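What follows is a single structure, written as structure tokens, with notes after it.
The values are calculated or read from the model by the stated rules, or taken from the named source; none is laboratory data. Keep in mind that this is a model prediction, so the values were computed, not measured. So basically every Cβ, Gly included, is an ideal-geometry build from the backbone, and we count neighbours across all protein chains shown. For the accessible areas, the whole protein counts, side chains as well, though only heavy atoms, and no ligand, DNA or RNA atoms are used. Shrake-Rupley method; radii C 1.70, N 1.55, O 1.52, S 1.80 Å.
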Amino acid sequence: MKSSNRSENIRVGTENTVGKSKSVTVIGLGPMGKAMAAAFLEHGYKVTVWNRTSNKADELITKGAVRASTVHEALAANELVILSLTDYDAMYTILEPASENLSGKVLVNLSSDTPDKAREAAKWLANRGAGHITGGVQVPPSGIGKPESSTYYSGPKEVFEANKETLEVLTGTDYRGEDPGLAALYYQIQMDMFWTAMLSYLHATAVAQANGITAEQFLPYAAETMSSLPKFIEFYTPRINAGEYPGDVDRLAMGMASVEHVVHTTQDAGIDITLPTAVLEVFRRGMENGHAGNSFTSLIEIFKKSDIRP
């Protein structure tokens, strides 16, 4: 079907859960995809599954899933298709050969990738007569099927609302807006914080162990530090939002001295200094740009510069 019929295709997609038996296709059966398919089965859905390595579906088949032998069959089975793949490039690799079967489908892409890749995918699918909903799952596979878990979604609101009940089988839903890139953006900025924070924990633990402190002994102190972060975020957010970085509470120059001490302590312990040195370099650039008397939050202006050093 040509892209001129896009609105009709999306309208068909909005009827997915209205007056029809509960059914869904899941493409991609890594740990996340398996957990999703299992959750749908537990909620009484008829689930069709496909994976490039067919035997990954074996356990799900014993639970009642239907194995599609080809992507063509997987797409033909249902209007709503859940993608759980490595990235969006994998989506093209899998769907391109079966693109004639995409017309009238709604693809909910729960694969991780960039906001721009999500926007490109939405256009690519629209040109083939299909709708696209971007998803960013905020939990590991163990969190699938739990309403307290959450997934970001973005894309056409009408399509999202029509399939919301089905998607809530997986996790709670947090709709971010019509722009297909928004769910991916919210996901990636969360991952920005998560991986940086967890790396800092691993690095600090390595320094602790080098000094005879076990991970178990360090646990309550690490947890206390991490649990204090929301208070700092809440305090600084209005100031950052206003573009104000007064040095009334903290000053960048003092912060830099603190980071230098971390680098020296790490070096003395014989632990890799790459991570704290990278932090120190950001502080140093802030100092060079005249922020010595400002709050460390002024470093956000350094991050915004386009001439960031490699």
Checklist outcome for this item: Calc'd 3J(HN,Hα), region 173-178, phi into Karplus 6.51 cos²θ - 1.76 cosθ + 1.60 (θ = phi - 60°), Hz, glycine/Pro = x, comes to 10, 10, 7, 9, x, 6
Checklist outcome for this item: To the nearest 10 degrees, the tilt of helix 252-268 (Cα long axis) against the first principal axis of the alpha carbons of the chain is 90
Next on the checklist: Quick check on the chain: of the DSSP beta bridges with both residues there, what percent are antiparallel, nearest 5%?
Outcome noted: 15
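Sort 199-207, 117-125 by the packing proxy (mean of other Cβ within 10 Å over each peptide's residues), most packed first.
Top of the packing list down: 117-125, 199-207.
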Checklist entry - What does the accessible area per residue of the chain come to in Å², with a 1.4 Å probe and no ligands, DNA or RNA counted? => result 52
Next on the checklist: Going by amide H atoms built from the backbone, whose H comes under 5 Å of the H on GLY145, apart from near neighbours?
Outcome noted: THR171
Checklist outcome for this item: Ranked output for segments 50-56, 181-187 by mean other Cβ atoms within 10 Å, highest leading, reads 181-187, 50-56
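What full-extension length gain, to one decimal in nm, is calculated for ALA257 and GLU73 as 0.36 nm per residue of separation minus the Cα-Cα distance?
Values: separation 184, 0.36 × 184 = 66.24 nm, distance 6.20 nm.
Going from the current span to full extension adds 60.0 nm.
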Next on the checklist: Cross-link candidates for LYS34: which lysines have Cα within less than 23 Å, leaving aside residues fewer than 8 places away along the same chain?
Outcome noted: LYS22, LYS46, LYS56, LYS63, LYS105, LYS146, LYS164
Checklist entry - Which whole-Hz ³J(HN,Hα) couplings does region 23-40 yield from phi under the Karplus relation 6.51 cos²θ - 1.76 cosθ + 1.60, θ = phi - 60°, glycine and proline marked x? => result 8, 7, 10, 10, 10, x, 10, x, x, 5, x, 4, 4, 5, 4, 5, 5, 4
Checklist entry - Over region 254-310, what percent of the accessible surface lies on carbon and sulfur atoms, probe 1.4 Å? => result 59
Item to check | Net charge of Cβ neighbours under 10 Å - reference TYR175; Lys, Arg +1; Asp, Glu -1 | outcome: 0
Checklist entry - Which percent, nearest 5, of DSSP beta bridges in region 23-178 are antiparallel? => result 15
Next on the checklist: Given the DSSP H assignment, sum -39500 (n - 2.57) over each helix run of at least 4 residues in the chain and divide by its residue total; what's the result at 222 nm in deg cm²/dmol, nearest 500?
Outcome noted: -16000 deg cm²/dmol
Checklist outcome for this item: Lys and Arg at +1, Asp and Glu at -1: neighbours of VAL24 with Cβ under 10 Å from its Cβ sum to +1
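What size of dipole, in debye to the nearest 20, comes out for region 23-178 about its Cα centre when the only charges are +1 on Lys and Arg C-beta atoms and -1 on Asp and Glu C-beta atoms? It would help to have the intermediate numbers written out before the result.
Working: 15 positive and 19 negative charges, 42 e Å.
The dipole magnitude comes to about 200 debye.
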Next on the checklist: I'd like the orientation of helix 157-167 relative to the chain: the angle between its Cα long axis and the longest Cα principal axis, in ° from 0 to 90, rounded to 10.
Outcome noted: 90
Checklist entry - Could you give the nm distance between label points at ILE300 and GLN188, where each point is 7 Å from its Cα heading toward the beta carbon? => result 1.9
Checklist outcome for this item: With the charge dipole of the chain built from beta-carbon charges (+1 for Lys and Arg, -1 for Asp and Glu) about the Cα centre, the Cα from VAL262, ALA118, MET287 projecting farthest to the positive end belongs to ALA118
Checklist outcome for this item: In a Gaussian network model of the chain with springs linking alpha carbons closer than 10 Å, the residue among GLU96, GLU288, GLU260 that fluctuates most is GLU288
Checklist entry - In a Debye calculation with equal point scatterers on the alpha-carbon sites of the chain and no solvent, what is log10 I(q)/I(0) at q = 0.07, 0.08, 0.10 Å⁻¹? => result -0.39, -0.49, -0.71
